[in-house]
Amino acid sequence: MSLKLIKLVFKFGSLLALTPAKIEKNGLGFPSKIYALLWIILFSAGVLISAFYRKAFYEKSTPVILIIQVATDTFLFILNISTIIITATKRHQWHRFINILKFLKNSNEKGDLFWCLPFLLTNVVFVVLFTFYTYIWTQKMGVEFFKLYAVEYFQCYAQFIVYFLIYEFLNLILNGFTDLSKTMCKLLKMRSNRLHKMSFKRLKSDFCALAECVEIFNNTFGWLLLLSMGYTVIQQLLFMQYLISGKRNSLPLITMFITWHLVGTFNGVFICDLTEQRVKTMRMVAYQTVANFDGESEVEEIKKLIDVINDNFPHFTAARFFDLNRKTILGVLNALFTFLIVVIQFESVYN
């Protein structure tokens, strides 16, 4: 992963005030805050206008559908506004985060000729998905469709930017810990000398810097991850309810959207879990080395490294409500199916 790619995403995201205009410290100034406020007003006005045109749809909906639809719209709106506010108010954290990643970045990324390919491909997928979505619904609703859902194009692209930034930042953190693990394994094969001790000191310093990156990531993206997961759960529940109610003619479109949201939301959770497992493996290797080493000086340096790992172990959280790992995905799926059972029961009673 390359910081060039982050710069490219920043250029796209800054158009909607979702990211700083630049990676540099002066990326957000007074005019940018005015621009962020403008987009908050535009998003709010667009959602209100859309809700006005959807009034007839809301009135015809069953109580269950009405609650789920309003919850979905609310989660997406709060996610968009929260992204803009976090960008406008946490510029110092952005700057510190990027500076650490710049300092720790892998030197071999300069030769990457396809650094922009992931962002371009995911943009193509986004455009294809929403083009198909527009074609299907304009065939059924005509121009009326744009009155109801035009604002969601901007809202969903804003959500896409959040998905991609979370994915990229987590990958940079994961790559950083992977490089440290490789460096540690090389150091453990060396004999004790001054260079060896200085290298261990650098290793501990880099580990603490990455741990700080994790803390900044939690503070910056924790609420966005929580809101994204809430939106995804409600959205999937809405899609499944449509299928249960007999609207199977939209199955391909619904399947595409379910896949898009699940991958976008839970891909980051998998990377969080993989990062923690990578650090646990790194710590295990250090413990095994301590058990096998005879030299007192070598053991002392390794023990200091273990203490640093234990004191700064990276834990990813969703706004500190819960840890992000594979258990999170099982918990979310369990909640999803529980809500789905409740919806089916309510629908059967209502009908």
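Values in this text are rule-based calculations from the coordinates and carry no lab data. Bear in mind the structure is a predicted one, so any value in this text is a computation, not a measurement. All Cβ positions, glycine included, derive from the backbone under ideal geometry; neighbour counts span all protein chains shown.
Figures for the structure shown
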{"read-out": "Between helix 117-141 and the chain: long-axis angle, C-alpha atoms, 0 to 90°, nearest 10", "value": "10 degrees"}
{"read-out": "Nearest 10 degrees, 0 to 90: helix 144-188 Cα axis against the chain principal axis", "value": "10 degrees"}
{"read-out": "Selected from PHE169, VAL233, VAL263, residue furthest toward positive end of dipole (the chain; charges at beta carbon)", "value": "PHE169"}
{"read-out": "Near-label residues of the stretch 146-171 by backbone N, under 16 Å of a point 7 Å along Cα→Cβ of CYS116", "value": "none"}
{"read-out": "The chain: calculated mean residue ellipticity at 222 nm from DSSP helix runs of at least 4, using -39500 (n - 2.57)", "value": "-29000 deg cm²/dmol"}
{"read-out": "Calculated FRET value between THR134 and LEU37, using beta carbons and R₀ = 41 Å, to 0.05", "value": "0.85"}
{"read-out": "Likely footprinting exposure, SER205, SER82, fewest C-beta neighbours within 10 Å first", "value": "SER205, SER82"}
{"read-out": "Length-normalised contact order for the stretch 3-350 - Cα pairs under 8 Å, 6+ apart - percent", "value": "22 percent"}
{"read-out": "Ranked VAL162, VAL128, VAL64, VAL269, criterion: other C-beta atoms within 10 Å, fewest first", "value": "VAL128, VAL64, VAL269, VAL162"}
{"read-out": "Cα gyration tensor, the stretch 203-272 - rounded (a/c under 1.5), prolate or oblate", "value": "prolate"}
{"read-out": "Under-5 Å amide H pairs with THR317, H placed in peptide plane, nonlocal only", "value": "LEU324"}
{"read-out": "The stretch 13-20 - phi-based ³J(HN,Hα) in whole Hz, Karplus 6.51/-1.76/1.60, Gly and Pro as x", "value": "x, 5, 4, 9, 6, 8, 9, x"}
{"read-out": "Entry for percent of Cα pairs over 30 Å apart (calculated from the structure that is shown) out of [x] 32; [y] 42; [z] 46", "value": "[z]"}
{"read-out": "10 Å Cβ shell holding at most 13 others, DSSP loop, trypsin sites (Lys or Arg not before Pro): longest site-free stretch of the chain", "value": "1-188"}
{"read-out": "Cβ charges +1 (Lys, Arg) and -1 (Asp, Glu), total dipole of the chain, debye", "value": "700 debye"}
{"read-out": "Residue order, fewest to most surrounding Cβ atoms within 10 angstrom, among CYS213, CYS272, CYS156", "value": "CYS156, CYS213, CYS272"}
